[in-house]
Amino acid sequence: MGYSGFRVIKEGLFGQKGWKPVWRDPEPKPEYDAVIIGGGGHGLSTAYYLAKEHGMTNIAVLEKGYIGGGNVGRNTTIVRANYFLPGNSEFYSHSLKLWETMEQDLNYNVMHSQRGLINLFHSDGQRDAFARRGNAMINQGDDAVLLDREGVREYLPYLDFDNVRFPIYGGLLHPRGGTARHDAVAWGYARGADQRGVDIIQNCEVTGIDIEGGKVKGVQTTRGVIRAKKVGIVVAGRSGQVAAMAGMRLPIESHVLQAFVTEGLKPVIDHVVSFGMGHFYISQSDKGGLVFGGDIDFYSSYAARGNLPMKEHVMDAAMTLMPMIGKAKVLRSWGGIMDMTPDGSPIIDKTDTEGLFIDCGWCYGGFKAVPGSGFSFAHLMATGNHHEPAAKFRLDRFRTGVGLMDEEGTGSQHNLH
Amino acid sequence: MRIDCPNCGERDRREFYYQGDAVVLNRPSEDAGAQAWDDYLHNRANPAGETRDLWFHEGGCRAWLVVERNTMTHAVHAATLAEKVKR
Amino acid sequence: MRLATPEKTVTFTFDGQRIKGVPGEPVSAALLAAGIKLVARSFKYHRPRGIMSAGSEEQNALVTVGRGTAQEPNVRATTLEVSEGLEVFSQNAWPSLKHDVMAVNDLVSPFLAAGFYYKTFMWPRSFWEKLYEPIIRRAAGLGALSGESNQDTYEKAFAFCDVLVIGAGPAGLMAALTAGRAGADVVLADEDTAMGGRLLREREDVDGKPAADWVVEALAELEAMPNVRLMTRTTVTGAYDQGTYGALGRIAGGRAAGKPLECFWRIVAKRAVLCAGALERPIAFPNNDRPGVMLASGVRAYVNRWGVAPGKAVAVFGNNDDAHRTARDLAAAGVKVAAVIDSRDDAKVEGDFPLYTGAEVIATKGRHALESITIKTGNGTRVIRCDCLAVSGGWNPTVHLTCHMNGRPTWDVGIASFVPTPESIPGMVTAGACNGAFSTAACLNEGAEVAAGVVADLGLAAEIKTPSADDAAYAIQPLWAVEGKGRKWIDFQNDVHVKDVRLAAQENFRSVEHMKRYTTQGMAPDQGKSSNVVALAVLADATGRGIPETGTTTFRPPYVPVSIAVMGAGSQGKGFAPERFTTSHSASVDRGAPMIEAGLWYRPSYFPKEGESHWRQSCDREVGYVREAVGICDVSTLGKIDIQGPDAAALLDFVYTNGFSTLKVGRVRYGLMLREDGHVMDDGTTARLGETHFVMTTTTAAAGLVMRHLEYVLQAIRPDLDAQVISVTEQWAQFAVAGPKSRELLNTVLDQPITDEDWPFMACGAVSVGGVAGRLFRISFSGEHAYEVAVPSRYGESLFRQLVAQAEVMGGGPYGMEALNVLRIEKGFITHAEIHGRTTAFDIGMERMVSAKKDCIGKAAAARPGLLGESRQQLVGLKSKGVDHALSAGAHLFDKGASHSRVNSKGYVTSVCYSPTIGTHLGLGFLENGRARHGEVIVLRDHLRNITEEVEVCDPVFFDQDGGRARG
């Protein structure tokens, strides 16, 4: 059933009776060609692209709770392609291109808004590092503009330019950066996958992975055994637990990241603003809430909730940078579980078990990667070959040191990325 | 979150720096091989439950602590001086 | 309408209209007293809305307070205290509250059902940012920020106690009394302006006297206890780990009294007793959102506590006995009760008013104020004229805080609502209405009993002594939604009605989380306090499941909205991070030096002289001081770590790649430090002052990191080493004295002159500076004959001024960060621009410094194949074609003729300067296989600044390659 303005009006006139389920709730079949463990953004987009790009429709997405209930439904919705290290650069560039056609492709409005992202810098050294980044973005074919202090003032006149602890020297503007309505991304991919025959199975927790003779045979679930020739693990913060079912130990530590939203306000922040010195980033949702976040809480956790010190630090950063938002009130804060890797970059790779694949390690930057990750992971699962833009996301790079992508330059301590 | 520092008593989380899994106490020898070093530097059990990790009372007595706690509940069971654990 | 004439009044304005209020009461009470029904517009459809409740759970009456920098949007009129001159404005309406253009949304609402925006606005693609989104953004939002920087003050504070009692209703008061009498250190926090909770709002007796009188006595007893702290206007907003609670304190009359407006408390409690009461829930019936439709408990609060009748003729609609109190209290206050409508067939109410049992309200009339309701009984329908309808759908225990650690509440069939699941928050117990115990007697008893248990846990003995009180049973027959024509609102703030929830179920958003996210129910400022249970019930019905099976969404902190300003108190402006000043700071400022941030420090950028109009002129001059005469630079910001002990040298051998046990006493050595992952952490010099005594220097940026690292190594990796480390960065002021005349200058301040023979390059030792015990190091970051002289910090400013004065006599002077940077680039010395966390010893050409004779931190990992070899980008020097060809840091490097794309990028530029010494622009950068490419000409491309330059690749040491000047 296609969505359109015409349909909206027609259904409005006839009491909304014609809308069909956005995805079905099928019973799991005993066997599929492939199963995806994890019904988050990455899992659903993987299923969608397996079906659409590779014609694999006899597949299932297994979700232990409700789809889109993990990080895709609890992030600060930022979409960008402003990485500078080879490996990341081409991947996020590809992912952003998919964002730009996603709504028409899925026939679902995810409210992708390319309102521009500005990363502020506060010293000559930071400016030079951002210049390197901006130039890498343009080398890649993406967009970047280096703004001086006055240039930033034109975009963001409400920042404290006069009394701030770390004066604003300028900013790197990424015009194609922006935001999207996070839940809608999960629902849109679910709908697209479902329409192509993918079974989306909620409330189905994987409890074991069946391996025989080095080959994957299927999975054990709370809804019975499901056989599959190929299994993809796409479970973000839970990657360690699921991989352990296959005897793997991953270079991942799970951490909690908090995010915040205020009450609805009339438009006041028109861009995405990122304040590196305070580790603070903010945008305003179409509903009017200021959506913002900071750094992870720093201790490993699966609790999906945070503590006061980081909350206060985030508010501290907000008040030094843009004291005009002081009287906005935080309505809700929440936490997600982040799969932090030792270089802050993700993993899309095969495993030592034939037919078992893994897509993880998105740290706290996974939302913008949803289309690219699904596309590349589907390619790997379907063809057995790495998709070029994601070819550097190898699991063995830590052991060999080849192709590390440490954008922050903080080294192999999981929580510092 | 609050941690009971063996030197200072119970203190707020904001006084502490977190490093990671206490596996880092068991540093391999120089020639232990790539896999041992990979496990030491990168690979983690990452338990959803009881864990032992390394904290630093940076805003206090500056003791490195091995903290036993739960990653699901954030319960903190014990904190021991790292140098005592090593000895 | 006021029931009695008040003794004292204040005047405030609402949309410019002058209104009288009684001190202490909320704005909502004064508005109702003035007969104002319409106070707000809803979020999506801009429907006219009035006042619904008398507490912080208010859904409708959100207003803006003040103008200009004081402007505060989305304030609940029900918790905003009246004060003289207060300016209150309606919001989300244009041009006026009565005539709101955006109310057109309500007319087209059939097309704006839940989630409609996911299905349209997709064509053409570019219209989203240009057309659709701007319109949606402008229509959405509630109040507005002024856009001006905050000018008010806010505070943060810590508090510690044995027992935190949250809520001071009957249960909370008894809990505090019981714990206080037992001698526990108690904090009693309540969000209201006065303590007493519902005892202030209800007409009933406690201990044989009016409840309010009993409250006065209880508070007097609590106030007299030194171990009890009473915190009114303080809402506990969140429960965190190990007994930490966040609380928002509003300071009474804050702004007028020149005090902070709010204080954010972090309360650490050994135990907590949650006595948060319960919130009444509405019933979803057609057009149940008209101004004048209120919660019954709110109506009673206005009548009983504030002496305000919310209407002239009030009807009451409920499904439980508690609703009948409303009719009784209204009648007792002399307000006309138009009807009591009870959905239960067998309901019995005594009183002189029309009673309809087995009846429901199926319609309401009145656009800006309620005029009449239509009820359906067993005998047909009937219209009842009334200007206020008090609704009670039952009570929801305030379980919110118990959910803050992911606890899920339990469905209680008896009260048709959720109650806390025990032990959801470690150390917290629940008592009273928030626990599902609704009678006053039950609340008093539970409060006392629970508190007694808590203090017993803490080793104290409590006596349970509870006063007598009303103990009526709570009888309810669930009624969630009434069928009928018109929208039946559930979430008033976000304009979500029954049909939206059903549509969500129809489209398979059947999980309660999906329903919430799809319809936005529960995501408005009240976070579903009133709407959640009703929405769940409607969803359960639509999906054919029970309510427990349907589950509930999670309540997350904060319980009430908390301003960013209060949680970020103290950080506005410079408060965000500490400021560190060198001892020469004021001397530098005196000379007009622009001070720039270097980490937390401030350092002089350059020292301008008269006639100089550009920083480059000053910089070039200062470079000349050092190259030709002598320059002075404060280097105290570099980290200084004192290392002592029998194993001090062994520690250095282990943390540096190169050996230090071979260093002679009285000598300094450059050291390279790796992270355990094999990348460069930091570099610096370390001086051996004695056999077992070293002083390490770190970079400014990494001082804290290196200090922590040394303590980590000593305690967690090598506790076998007998060595002690301590930071002495703050204790020593240290100045570089650099240039051919540096020794000559030093000899004017040192008590014993030095010679080249006594103090060769890399010598160190004790000196006496004007009678002060100091240290001297013959080290150089400029490549010149140079020293660093250190004195205890208290002598720093004096020494700096003296050194500068002497330098000026010799044709030199002070130099700043800009000149420092030029000097070090000319010499190819690296900073964190080069060792940015991704470079290895190999990359910077120092792999030979990794000693083969010993293990060190990072050695094993640095041997990984990926960290070595030709494919690595290696440090190189870059020389421009001449003075007119400036280079730029952050540019990428390409082979000549290659297109400027990612795959062709062979490296990048980290540092650039104009070198007055060499007379051209220089750069440092990293280039693939760069050491093998010295002499080649390549292309530097900076897209951002549109610079393309050919540069010659060379050795990174541009000047004095054999180092003769430093040694000479």
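The values are calculated or read from the model by the stated rules, or taken from the named source; none is laboratory data. On a predicted model such as this, the values are computed, not experimentally measured, just so you know. Methodologically, a virtual Cβ is constructed for each residue, glycine included, from the backbone with ideal geometry; neighbour enumeration extends over all protein chains shown.
From the set of residues in segment A:21-44 that are within 14 Å of chain C (Cβ to nearest Cβ) and over 15 Å from A:G188 (Cβ atoms), which is surrounded by the most Cβ atoms within 10 Å (Cβ to Cβ)? The extreme case among them is A:R24. Within the option set A:D148, A:D143, A:D160, being facing another protein chain (nearest Cβ under 7 Å) and of a type in the set (D, E) holds for one residue only, A:D160. The residues of segment B:12-33 that are in contact (Cβ under 8 Å) with a residue 24 or more places away in the chain and either among the aromatic types (F, W, Y) or under 16 Å from B:V66 (Cβ atoms) (or both), listed by number, are B:F16, B:Y17, B:Y18, B:Q19, B:G20, B:D21, B:A22, B:V24, B:L25.
Can you tell me which residue in segment C:205-239 is farthest from the other protein chains (Cβ to nearest Cβ), limited to those that are under 26 Å from C:L401 (Cα atoms) and of a type in the set (K, R)? Top of the filtered list is C:R229.
Within segment C:9-27, the set of residues being in a strand (DSSP E or B) and either touching a Phe, Trp or Tyr at 6+ places or on another chain (Cβ under 9 Å) or under 17 Å from C:L38 (Cβ atoms) (or both) comprises C:T13, C:F14, C:Q17, C:R18, C:I19, C:K20, C:G21, C:P26.
Scanning segment A:279-326 for residues that are assigned to a loop (DSSP other than H, G, I, E, B), more than 7 Å from every other protein chain (Cβ to nearest Cβ) and on the phi < 0 side of the Ramachandran plot, which turns out surrounded by the fewest Cβ atoms within 10 Å (Cβ to Cβ)? Spell out how you get there, then give the answer.
Going residue by residue through segment A:279-326, those that are assigned to a loop (DSSP other than H, G, I, E, B) are A:279, A:285-288, A:301-307, A:322, A:326.
Restricting the remaining residues to those that are more than 7 Å from every other protein chain (Cβ to nearest Cβ) gives A:279, A:285, A:306, A:322.
With on the phi < 0 side of the Ramachandran plot added as a condition, the list becomes A:285, A:306, A:322.
Values: A:S285: 23, A:G306: 28, A:M322: 26.
Within segment A:279-326, the match that is surrounded by the fewest Cβ atoms within 10 Å (Cβ to Cβ) is A:S285.
Do we find that C:T552 is away from chain A (no Cβ under 12 Å), closer than 30 Å to A:K311 by Cβ and within 32 Å of the chain's Cα centre (by Cα) in this structure? Yes, satisfied. If I ask for residues that are assigned to a loop (DSSP other than H, G, I, E, B), touching a Ser or Thr at 6+ places or on another chain (Cβ under 7 Å) and within 14 Å of chain A (Cβ to nearest Cβ), which ones from segment C:926-968 would you list? The one that is assigned to a loop (DSSP other than H, G, I, E, B), touching a Ser or Thr at 6+ places or on another chain (Cβ under 7 Å) and within 14 Å of chain A (Cβ to nearest Cβ): C:R945. Within segment C:910-925, one or more residues are buried (at least 18 other Cβ atoms within 10 Å of the Cβ), assigned to a loop (DSSP other than H, G, I, E, B) and in contact with a Phe, Trp or Tyr (Cβ under 7 Å, 6 or more places away or on another chain).
Looking at A:P342, is it at pLDDT 95 or above, closer than 18 Å to A:E90 by Cα, in contact with a His (Cβ under 9 Å, 6 or more places away or on another chain) and within 14 Å of chain C (Cβ to nearest Cβ)?
Answer is no for this residue.
Scanning segment C:152-166 for residues that are of a type in the set (F, W, Y) and surrounded by 20 or more Cβ atoms within 10 Å (Cβ to Cβ) turns up just one, C:Y154. Among the criteria (1) small (G, A, S); (2) under 25 Å from A:E27 (Cα atoms); (3) under 14 Å from the mean Cα position of the chain (by Cα), the one A:A60 does not fulfil is (3). Of the residues that make up segment A:143-162, is at least one at pLDDT below 95 and either not small (G, A, S) or not in a loop (DSSP other than H, G, I, E, B) (or both)? Checking segment A:143-162: at least one residue is at pLDDT below 95 and either not small (G, A, S) or not in a loop (DSSP other than H, G, I, E, B) (or both). Scanning segment C:362-409 for residues that are out of contact with any strand residue (DSSP E or B) (no Cβ under 8 Å at 6 or more places or on another chain), farther than 16 Å from C:D342 by Cα and surrounded by fewer than 21 Cβ atoms within 10 Å (Cβ to Cβ) gives C:A369, C:N406, C:G407, C:R408. Restrict the check to segment B:47-68 and report whether at least one residue is within 11 Å of chain A (Cβ to nearest Cβ), under 24 Å from C:A862 (Cβ atoms), free of Cβ contacts under 8 Å to residues at least 60 places away in the same chain and over 15 Å from the mean Cα position of the chain (by Cα). Scanning segment B:47-68, I find no residue that is within 11 Å of chain A (Cβ to nearest Cβ), under 24 Å from C:A862 (Cβ atoms), free of Cβ contacts under 8 Å to residues at least 60 places away in the same chain and over 15 Å from the mean Cα position of the chain (by Cα), so the answer is no.
Tallying residues that are free of Cβ contacts under 8 Å to residues at least 40 places away in the same chain, among the aromatic types (F, W, Y) and surrounded by fewer than 18 Cβ atoms within 10 Å (Cβ to Cβ) within segment C:752-770 yields 0.
For segment A:205-269, the strands (runs of 3 or more DSSP E) that sit wholly inside it and include 1 or more residues that are within 23 Å of A:T57 (Cβ to Cβ) and under 26 Å from the mean Cα position of the chain (by Cα) are A:206-212, A:215-221, A:224-233.
So that you can scan it fast, the table gives a plain yes or no per residue for (1) within 21 Å of C:H514 (Cβ to Cβ); (2) surrounded by fewer than 16 Cβ atoms within 10 Å (Cβ to Cβ):
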| residue | (1), (2) |
| --- | --- |
| A:G171 | no, no |
| A:Y189 | yes, no |
| A:Q195 | yes, no |
| A:I201 | yes, no |
| A:G208 | no, yes |
| A:G214 | no, yes |
| A:G218 | no, no |
| A:I226 | no, no |
| A:G240 | no, no |
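Scanning for something aromatic (F, W, Y) and within 29 Å of A:F166 (Cβ to Cβ), does segment C:625-638 turn up at least one residue? Within segment C:625-638, not a single residue is aromatic (F, W, Y) and within 29 Å of A:F166 (Cβ to Cβ). Counting only strands (runs of 3 or more DSSP E) that fall entirely inside chain B and contain at least 1 residues that are within 23 Å of A:G361 (Cβ to Cβ), the qualifying elements are B:17-21, B:50-56. Candidates C:A448, C:A472, C:A456, C:A461: the one that is surrounded by fewer than 16 Cβ atoms within 10 Å (Cβ to Cβ), under 15 Å from C:T178 (Cβ atoms) and touching a residue at least 40 places away in the same chain (Cβ under 8 Å) is C:A461.
The set of residues in segment C:800-836 being away from chain A (no Cβ under 14 Å), under 44 Å from the mean Cα position of the chain (by Cα) and not in a helix (DSSP H, G or I) consists of C:P814, C:Y815, C:G828, C:F829.
On the stretch given as segment A:93-107, residues that are surrounded by 22 or more Cβ atoms within 10 Å (Cβ to Cβ) and at the interface with chain C (Cβ under 7 Å from one of its Cβ atoms) total 1.
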